[in-house]
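Colleague: The structure that follows is given in the form of structure tokens.
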Amino acid sequence: MVAGALANKPGNGGEAWVRLSWVLGLRRLGFDVHLVEEISPSVCLDAHGRPAAVEDSVNLAYFASVTAAFGLSATLLCAGRWVAGLSMSELVAHAASCDVILNISGHLEDVQLLSAARCRVFLDIDPGFTQVWAADRRRGARLAGHDVFATIGERIGSAACNIPVAGVQWISTRQPVLLDQWPVAGTGWEREFSTVARWRAAYGAVSVGQQTQTLKHQEFRRVFDLPRLANHGFELALDIDAADAADKAALQGHGWRVVDASDVAAAPETYRSYIQASAAEFSACHGVYAHTRSGWVSDRTARYLASGRPAVVEDTAPVIPTGAGMLTWSTLDEARAAVDAVMRDYDAHAAAARQLAERYFNSDAVLDELLDRCSVPA
């Protein structure tokens, strides 16, 4: 059983792929996999953005569309009651038969379901935030009730990373990519450098030690001048609020093309098409990923790489090799040098990108290793 958010994030193809990759990847290994999601009535909206009953919401429509498109066995619960999929009694019986519940971000909180499974794995996809929340005893951490704790911050718990572990033994993993779902893209492209992002985080900054960590939009501000300095095109597919109109105008004034993420990447299929119609990725990240040397690599970056699209991303001290296929930057000058290097020897970097994905993000290998470390037979 995989617990995660689809209905909670309607119109976000990238977030859908995060959950899909774990479900589809486990299914590829031969498991009978069921997706379960809980949603609060307070987040349910209609097509006009107005509060709606879950049965009439865009949330349910998105959940039904994505799960049907990929042939998923899936259940949606709202405030503890059935909305779609298995009945509650069937769901509890299924949980009791499971080798493992993989609980992405601790999304599943239903005690009856969690307690029924033989092994409960908490999967942290927000490294730094999760650990600080846990150390500060904030409810958002949601670590209680789990047996194994896995994180995509590959250096967490090591001497190289100063993110607090709060007494938890974290095991490292990576974002899995189904390579057949993300084949090498064609030789042409519609844009040079791109990324898909939410401009402002849904949650506030955290502090590690005495240092308040910057958020992604603040890190992007450090490289506003990049299009002026580099003779390449840069496009951002953003979910950006009207309240951040000044940032959007500043981006455009510095030469960034800004498009609405909901227009180009709302569904898993359009998200994939957008990435594969780009020559390469350029992106910044939250400071807590970069400045703590967490070893985090974005699921989005892994999909650019799988598509044979090089990535130029902010340096988080990744465990995987960099310099060919994936290049990192910490300063504006480094960012400029990296994008120039990619376009100067594009074919070599494109080939190296796919090789990185095959070696380090192949879902079969990633999931087999994680299950082995959780003592679950594959």
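Values quoted throughout were computed directly from the atomic coordinates according to the rules given, and no laboratory measurement underlies them. Only a predicted model underlies this, so the values are computations on that prediction, with no experimental measurement involved. A quick note on method: Cβ atoms are made from the backbone with ideal geometry, for glycine too, and the neighbour counts reach across all protein chains shown.
Colleague: Efficiency by 1/(1 + (r/R0)^6): what FRET value for ARG373 and LEU179, r their Cβ-Cβ distance, R0 = 25 Å, to the nearest 0.05? Present the calculation step by step, with values, prior to reporting the outcome.
Modeller: Working: r = 22 Å, r/R0 = 0.87.
Rounded to the nearest 0.05, the efficiency is 0.70.
Colleague: Dividing the alpha-carbon Rg of the range 191-360 by 2.2 N^0.38 Å yields what? Working shown, then result.
Modeller: Numbers: Rg = 15.1 Å, N = 170, 2.2 N^0.38 = 15.5 Å.
Its radius of gyration relative to the 2.2 N^0.38 Å reference: 0.98.
Colleague: Still on this structure, please answer the following. Compute the distance from the alpha-carbon center of the range 273-330 to that of the range 21-60, in whole Å.
Modeller: So the two Cα centres are separated by 28 Å.
Colleague: With the contact rule set at Cα under 8 Å and sequence spacing of 6 or more, what percent relative contact order holds for the chain? Walk me through the numbers on the way to the answer.
Modeller: Working: 781 pairs, mean separation 63.5, N = 378.
That works out to 17 percent.
Colleague: Right, here's the next one. Determine the shape class of the range 73-113: with a ≥ b ≥ c the square roots of the Cα gyration tensor eigenvalues, call it rounded for a/c under 1.5, and otherwise prolate if a/b is greater than b/c, oblate otherwise.
Modeller: Here the range 73-113 falls in the oblate category.
Colleague: For the range 147-233, run through the GluC sites (Glu not before Pro) and keep only the ones in DSSP coil with at most 14 other Cβ atoms within 10 Å of their Cβ.
Modeller: GLU190
Colleague: What order, most packed first, do the peptides 252-261, 171-180, 308-317 have when packing is the mean number of other Cβ atoms within 10 Å of each residue?
Modeller: 308-317, 171-180, 252-261
Colleague: Moving on to the next point. Using only Cα atoms and rounding to the nearest 10 degrees, what angle (0 to 90) does helix 58-69 make with the longest principal axis of the chain?
Modeller: 90
Colleague: To continue, here is another question. Mind listing the phi-derived Karplus ³J(HN,Hα) values for the range 209-221, rounded to whole Hz, using 6.51, -1.76 and 1.60 with θ = phi - 60°, and x for any glycine or proline?
Modeller: x, 9, 9, 6, 7, 5, 9, 4, 5, 6, 5, 4, 4
Colleague: Then there is this: Could you work out the relative contact order of the range 230-378? I mean the mean sequence separation of Cα pairs under 8 Å and 6+ apart, divided by the number of residues, in percent.
Modeller: Once normalised by length, the contact order is 18 percent.
Colleague: Could you work out how far apart the two model spin labels at ARG137 and SER73 are, taking each label as a point 7 Å from the Cα in the direction of the beta carbon, and quote it in nm?
Modeller: Simple spin-label model gives 4.1 nm for this pair.
Colleague: Now for a different question. Collect residues whose amide H, placed 1.01 Å from N in the peptide plane, falls under 5 Å from the amide H of ALA84; neighbours closer than 5 in sequence don't count.
Modeller: Excluding prolines and chain starts, which carry no amide H, the hits are LEU76.
Colleague: Moving on. Can you give the local net charge around TRP256? Use residues other than it whose beta-carbon is closer than 11 angstrom to its beta-carbon, Lys and Arg +1, Asp and Glu -1.
Modeller: Residues near TRP256 contribute 0 overall.
Colleague: Relative to the longest principal Cα axis of the chain, at what angle does helix 13-28 sit, 0 to 90 degrees, rounded to 10?
Modeller: Taking the Cα atoms of the chain, the angle to 13-28 is about 60 degrees.
Colleague: Pull up the DSSP beta bridges for the range 191-360 and report the antiparallel fraction as a percent, rounded to 5.
Modeller: The answer is about 10 percent antiparallel.
Colleague: Can you show me the helix-derived [θ] at 222 nm for the chain, built from DSSP H runs with n ≥ 4 at -39,500 (n - 2.57) apiece and divided by the number of residues, rounded to the nearest 500. Kindly include the intermediate steps, with their values, before the conclusion.
Modeller: On the way: 15 runs with 134 residues, N = 378.
-10000 deg cm²/dmol, from helical runs alone.
Colleague: Would you kindly calculate the translational diffusion coefficient of the range 120-201, applying Stokes-Einstein with the Kirkwood radius from alpha carbon pairs, for 37 °C and a viscosity of 0.692 mPa s, and quote it in µm² s⁻¹ without decimals?
Modeller: On the way: Rh = 15.3 Å.
Result for D is 215 µm²/s.
Colleague: Follow-up. Once the Cα atoms of helix 346-360 and of the chain are each reduced to a long axis, what angle between those two axes, in degrees from 0 to 90 to the nearest 10, is obtained?
Modeller: Helix 346-360 sits roughly 20 degrees off the main axis of the chain.
Colleague: Which of the listed residues, VAL43, SER105, GLY71, is farthest toward the dipole's positive end in the chain, when Lys, Arg count +1 and Asp, Glu count -1 at the beta-carbon?
Modeller: Of VAL43, SER105, GLY71, it is SER105.
Colleague: Taking the Cα-to-Cβ direction at ASP147 and at VAL111 and moving 7 Å from each Cα, how far apart do the two end points lie in nm?
Modeller: The modelled label-to-label distance comes out at 2.0 nm.
Colleague: Just for the Cα atoms in the chain, what are the lengths along the principal axes, largest first, rounded to whole Å?
Modeller: Here the Cα extents, ordered largest to smallest, are 60, 49, 42 Å.
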